[in-house]
Amino acid sequence: MTFRRLLFGLIALLIASCRFAQTGAGRDDGIIEVVFLHLNDVYEISPLSDGSGGLARVAALRQSLKAKNPNTYTILAGDFISPSVIATLRHEGKRIRGRHMVEVFNTLGIDAVAFGNHEFDYDYDDLQARLNESRFTWLGTNLRWVQGDSIVGPFFQQRSEGEQKPCPDYQIVEFTDADGTRLRVGLWGVTVTINSKPYVHYLDPLDAAQRTYEALRGQCDVQVGLTHLDIEDDLKLAARLPDVPLLMGGHDHDNMLHRVGRTTVAKADANARTVYVHRLRYDKRRGQVQVRSELRSIDAQLPEEPNTAAVVAKWERIKEEALQSAGFEAAAQVTVLKTPLDCREAFIRHQQAPVGQIILNAMLAAAREKPDCALLNSGSIRIDDVLSGPVREIDVVRLLPFGGGISEVEMRGTLLQRTLDASLRNKGKGGYLQLAYISRDEATHQWLVRGSPLDPTRTYRVVMPDFLLTGAETNMDFLKAGDNPDILRVHKPIANDKGDVRHDIRHVLIRYWRQQ
């Protein structure tokens, strides 16, 4: 009898234990891991000439990470709408202007993005169309939409007629693991303030991030930031917000990993040559967070996810057709390089580069007013690659995707000197200038034009891209033409003359290379 009671007791205890386990009660260990797949500064949808990159491969990596941990969140820290070859072309009667990137990222499965400065390269209507097409969240912590002279509020996505979804200052994402541990993660995204357009107002990114951090305290367990800033500002932000364990950044194009106190600051390489996989492990009972960051190469060792690959292939076909319509024969050979040309931004934005000199020589050869010198902003060179061997017309378009004309400007020496001084401050940025017939005497810190000291009282004839005359380049708003008293005359290409290659710097370079 005693044995039977004991047996029934054990069975009852076993049944109760099973029921207890089935409800999940008592199984929550308070520890959860979230994976962030982090990209930044992506302008190419297909693999690059060296075989690296390719968004269909990134999609395959994402699927692999999610299969191992469903709590995988994919983010892009700014810059993808522009620039690219495809974005400059026409399709269905309109400039593409980032439509291809949105469709590829929708298919890939991006969850959230921060605005980059190149998201504002185009007109407001283009940006709004891309926002409306996106199925992911845009974080605009320090951005406000401007209409006329009024700051209206955040940018928004038009979901249906009459329904607008604001691009929030932050979002709170809740994750749950297999044993029931829940984690609320606050995300926000801040943007560098260098691309001034009349439809956008910038708040100070560091101040905006701090205000958002304070507003989110108590609403979530942990916060992480998306940043499209210079690394110097990332490090300052990390110092101001020591309890934010992870800042996932962009804008600098080269992979880097810094530690500021307990904060990890990371950036991957542009064009998805690499991505970062961040594993954030949170212990809710102890309130402790750990971040492990792994830089992953995107190359041929990764398969291509079929759905994303199909969308990429579609846009590559559109690119070939549009290039032909724009007067480019994509496969036509232009020249054969005897020496490789380093066009990587880490190189051309820090020093005078051979590729810059070639483009400048092409501009001088096309000029008609006997210029004294030539200027080229390094940011117009976007291929971020090394060119070698045969160069085709598609490579020239990749090299200079913005296109645009060149003009010959008669300017006062004071303005030329101010421009050259600004170029030095822009070292490492797109506003760093490649120079022809201009040098600097480092002993006297004096600029020389064709070997003679720059004369502030003299008028100089300078050939340059039209973009510089918009005043939109970093630290060069003073160059804006129009009522500028230091710009005496601008010689532009001949209107409606399709044979005047000065209408497009890419045709300038193609003709120059073929004539060598």
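The values are calculated or read from the model by the stated rules, or taken from the named source; none is laboratory data. Keep in mind that what you see is a predicted model, and the values were worked out from it rather than measured. Neighbour counts are summed over all protein chains in view; Cβ atoms, including those assigned to glycine, are modelled from backbone coordinates with ideal geometry.
In table form, for the structure just shown:
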{"item": "Flag if Leu509 is surrounded by 17 or more Cβ atoms within 10 Å (Cβ to Cβ), within 24 Å of Pro354 (Cβ to Cβ) and in contact with a Leu (Cβ under 9 Å, 6 or more places away or on another chain)", "result": "yes"}
{"item": "Selected residue [of a type outside the set (Ser, Thr, Tyr), modelled with pLDDT of 95 or more, in the same structural domain as Thr191 (by TED's automatic domain parsing) and out of contact with any His (no Cβ under 9 Å at 6 or more places or on another chain)] from Asp234, Asp243", "result": "Asp243"}
{"item": "Single residue of His251, His350, His278 found to be touching a residue at least 24 places away in the same chain (Cβ under 8 Å) and in contact with a helix residue (DSSP H, G or I) (Cβ under 8 Å, 6 or more places away or on another chain)", "result": "His251"}
{"item": "Residue satisfying all of: in segment 382-400; outside any strand (DSSP E or B) and in contact with a strand residue (DSSP E or B) (Cβ under 8 Å, 6 or more places away or on another chain); surrounded by the most Cβ atoms within 10 Å (Cβ to Cβ) among these", "result": "Val396"}
{"item": "Selection within segment 85-95 - buried (at least 22 other Cβ atoms within 10 Å of the Cβ) and at pLDDT 90 or above", "result": "Ile86, Ala87"}
{"item": "Matching entry among Val190, Val173 (being under 23 Å from Asn117 (Cβ atoms) and touching a residue at least 60 places away in the same chain (Cβ under 8 Å))", "result": "Val190"}
{"item": "Positions within segment 128-155 being out of contact with any Cys (no Cβ under 9 Å at 6 or more places or on another chain), in a loop (DSSP other than H, G, I, E, B) and under 18 Å from Ala209 (Cα atoms), in sequence order", "result": "Thr141, Asn142"}
{"item": "Out of Asp497, Asp483, sole residue that is in contact with a helix residue (DSSP H, G or I) (Cβ under 9 Å, 6 or more places away or on another chain), at pLDDT below 95, assigned by TED's automatic domain parsing to the domain that holds Ala332 and more than 19 Å from Gln417 (Cβ to Cβ)", "result": "Asp497"}
{"item": "Leu302 being under 30 Å from Leu61 (Cα atoms), of a type outside the set (Asp, Glu), in contact with a Lys or Arg (Cβ under 7 Å, 6 or more places away or on another chain) and not assigned by TED's automatic domain parsing to the domain that holds Tyr460", "result": "yes"}
{"item": "Filter result for Leu479 (more than 16 Å from Ala366 (Cα to Cα), in contact (Cβ under 8 Å) with a residue 60 or more places away in the chain and crowded, with 21+ Cβ neighbours inside 10 Å)", "result": "yes"}
{"item": "Which listed residue, of Gly356, Gly403, Gly379, is small (Gly, Ala, Ser), touching an Asp or Glu at 6+ places or on another chain (Cβ under 8 Å) and in a helix (DSSP H, G or I)", "result": "Gly379"}
{"item": "Failed item in (1) part of a loop (DSSP other than H, G, I, E, B); (2) more than 16 Å from the chain's Cα centre (by Cα), with His258 passing the rest", "result": "(1)"}
{"item": "Hits in segment 469-508 (condition: of a type outside the set (A, V, I, L, M, F, W, C) and touching a strand residue (DSSP E or B) at 6+ places or on another chain (Cβ under 6 Å))", "result": "Glu473, Asp486, Arg489, His491, Lys492, Arg502"}
{"item": "Residue list for segment 217-254, restricted to those being charged (D, E, K, R) and farther than 20 Å from Gly428 by Cα", "result": "Arg217, Asp221, Arg240, Asp243"}
{"item": "Checklist (1) at pLDDT 95 or above; (2) in contact with a His (Cβ under 7 Å, 6 or more places away or on another chain); (3) within 30 Å of Ala330 (Cβ to Cβ) applied to Ser82, failing item", "result": "(1)"}
{"item": "Members of segment 350-379 found to be modelled with pLDDT under 95 and surrounded by 18 or more Cβ atoms within 10 Å (Cβ to Cβ), listed by number", "result": "Gly379"}
{"item": "Which listed residue is assigned by TED's automatic domain parsing to the domain that holds Asp204 and either β-branched (Val, Ile, Thr) or within 20 Å of Gly78 (Cα to Cα) (or both), from Glu119, Glu163", "result": "Glu119"}
{"item": "Residue in segment 106-151 that is surrounded by the fewest Cβ atoms within 10 Å (Cβ to Cβ), counting only those that are aliphatic (A, V, I, L, M) and either in contact with a His (Cβ under 6 Å, 6 or more places away or on another chain) or without any contact (Cβ under 8 Å) to a residue 24 or more places away in the chain (or both)", "result": "Ile151"}
{"item": "Exclusive hit being within 29 Å of the chain's Cα centre (by Cα) and without any contact (Cβ under 8 Å) to a residue 24 or more places away in the chain, set Gly471, Gly431", "result": "Gly471"}
